[in-house]
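Shown next, in structure tokens, is the structure this report addresses.
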Amino acid sequence: MTTTATDKGQALPPNGPLGAELPGWTPPPAPARGVLAGTRVRLEPLDAARHAPALHAAFAADAQGATWTYLPYGPFADVQAYADWAQGYAGVADPMLFAIVETIAGQPAGVAAYLRIDPRNGCIEIGHLAFAPSLQRTPAATEAIFLMIDHAFALGYRRVEWKCNALNAASRRAAQRLGFSFEGVFRQAAVVKGRNRDTAWYAILDTEWPALRTAHVHWLAAGNFDAHGRQRSALADLTRPLLAARG
């Protein structure tokens with residue numbers, strides 16, 4: 001290959017610099033529709049008949065319907081409407097929806113999904129997040145996302161993404177607390193429920209996950225919580241030093 005010398009004696013391709021080579025890169029498999037099990041939760045492939053009644057009841061505790069503010073669907077008038085929505089995703093590979101089942105209660109209290117699954121480039125997104133009030137701001141909710149991130153990297157993905165409405169302050173805080181680094185805002189990226197959506201992008205890379213994983217494991221450990229369930233170390237304090245600086 002013809003190269004061009006730089007002032008420092010480095011050789012460049014004739015048409016400009018390129019990204020790092022990836023010798024031996026093999027695209028990972030798509031996630032399987034299986035169970036992801038943790039200590040506090042397990043994620044089960046969403047099944048309308050099995051999960052919809054309990055999920056609808058759990059979401060009903062959110063009387064204001066705030067759960068659905070930034071999602072492209074919901075709220076749902078009744079359990080049948082929710083079941084019909086869930087049934088529409090039966091067997092769908094992308095997005096691949098999971099019910100988040102709390103281990104102790106044995107009941108589903110939230111939904112999450114893998115989507116924009118791109119094995120060729122090693123990218124995968126986590127989204128469709130809907131947490132009932134009983135699940136919000138709990139270690140179980142954090143563990144659910146941890147299981148999804150960890151599984152994606154174990155499969156061989158290079159990049160796990162998190163995207164949200166740029167006005168969704170709670171989701172943006174959650175992304176960075178979990179260790180997703182902010183990458184920017186795509187303006188006028190979508191129309192959702194008849195309104196403009198600017199989309200904020202966040203991501204974790206495979207090279208970043210080992211240190212972030214250690215932070216998550218430390219935070220999720222039983223010893224990080226006192227007898228009243230109060231955290232001793234905040235996850236945000238553990239992940240903040242590991243976030244990528246914006247270039």
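The values are calculated or read from the model by the stated rules, or taken from the named source; none is laboratory data. All values reported here derive from a predicted model rather than from experimental measurement. Quick reminder, even Gly has a Cβ in these numbers, built from the backbone with ideal geometry, and neighbours come from all protein chains shown. Areas reflect the complete protein model, heavy atoms only, side chains present, ligands, DNA and RNA absent. Shrake-Rupley method; radii C 1.70, N 1.55, O 1.52, S 1.80 Å.
Screening the chain for whole DSSP H helices with an alpha carbon extent of at least 15 angstrom along the helix axis and a mean Kyte-Doolittle hydropathy of at least 1.0 yields 139-155.
Once C-alpha pairs closer than 8 Å and six or more residues apart are averaged by separation and normalised to the residue number of region 1-145, the relative contact order reads 25 percent.
GNM on the chain, C-alpha springs below 10 Å: top fluctuator among VAL79, VAL111, VAL191? Evaluated over the chain, the most mobile residue of the options is VAL191. Spin-label model, ASN15 to ALA190: label points 7 Å out along the Cα-to-beta-carbon direction sit 3.3 nm apart. What the Kirkwood sum gives for region 133-201 is a hydrodynamic radius of 13.5 Å, with every pair of different alpha carbons counted. Calculate, for ASP226 and ALA154, the FRET efficiency according to 1/(1 + (r/R0)^6) with r their C-beta to C-beta distance and R0 45 Å; round to the nearest 0.05. Taking R0 as 45 Å, the efficiency between ASP226 and ALA154 is 0.90. Taking all protein chains into account, the per residue accessible area for the chain stands at 55 Å² (1.4 Å probe).
For the pair LEU242 and ALA81, the difference between a 0.36 nm per residue extended length and the Cα-Cα distance amounts to 53.7 nm.
How many percent of the accessible area of region 102-173 is carbon or sulfur, using a 1.4 Å probe? Can you show the working numbers first?
On the way: 1470 of 2860 Å².
Here carbon and sulfur together make up 51 percent of the probe-accessible area.
Extending 7 Å from the Cα toward the beta-carbon at both TRP68 and THR26 defines two label points whose distance is 4.5 nm. Computed over the alpha carbons of the chain, Rg followed by Dmax gives 20.1, 69 Å.
Pick from ALA144, ALA113, ALA221: which residue has the top mean-square fluctuation in a GNM of the chain where Cα pairs under 10 Å get a spring? Greatest mean-square fluctuation among the candidates belongs to ALA221. Between ASP94, ASP47, ASP78, the Gaussian network model of the chain with springs among Cα atoms under 10 angstrom shows the greatest mean-square fluctuation at ASP78. A simple count of charges around ALA77, restricted to other residues whose Cβ falls under 15 Å of its Cβ and scoring Lys, Arg +1 and Asp, Glu -1, yields -3. Centre-to-centre separation between the Cα atoms of region 77-113 and those of region 192-246: 24 Å.
Determine the dipole magnitude for the chain: charges of +1 sit on the beta-carbon of Lys and Arg, -1 on that of Asp and Glu, nothing else is charged, the reference point is the Cα centre, and the result goes in debye to the nearest 20. Kindly include the intermediate steps, with their values, before the conclusion.
Working: 23 positive and 20 negative charges, 98 e Å.
For this selection, approximately 480 debye.
Do any trypsin sites (Lys or Arg not before Pro) in region 147-205 lie in a DSSP loop with no more than 14 other beta carbon atoms within 10 Å, and if so, which? Of the trypsin sites (Lys or Arg not before Pro), the ones in loops of region 147-205 whose Cβ has at most 14 other Cβ atoms within 10 Å are LYS193. Debye-formula intensities of region 117-247, expressed as log10 I(q)/I(0) at q = 0.16, 0.18 Å⁻¹, are -0.85, -1.06 (one equal scatterer per alpha-carbon, no solvent).
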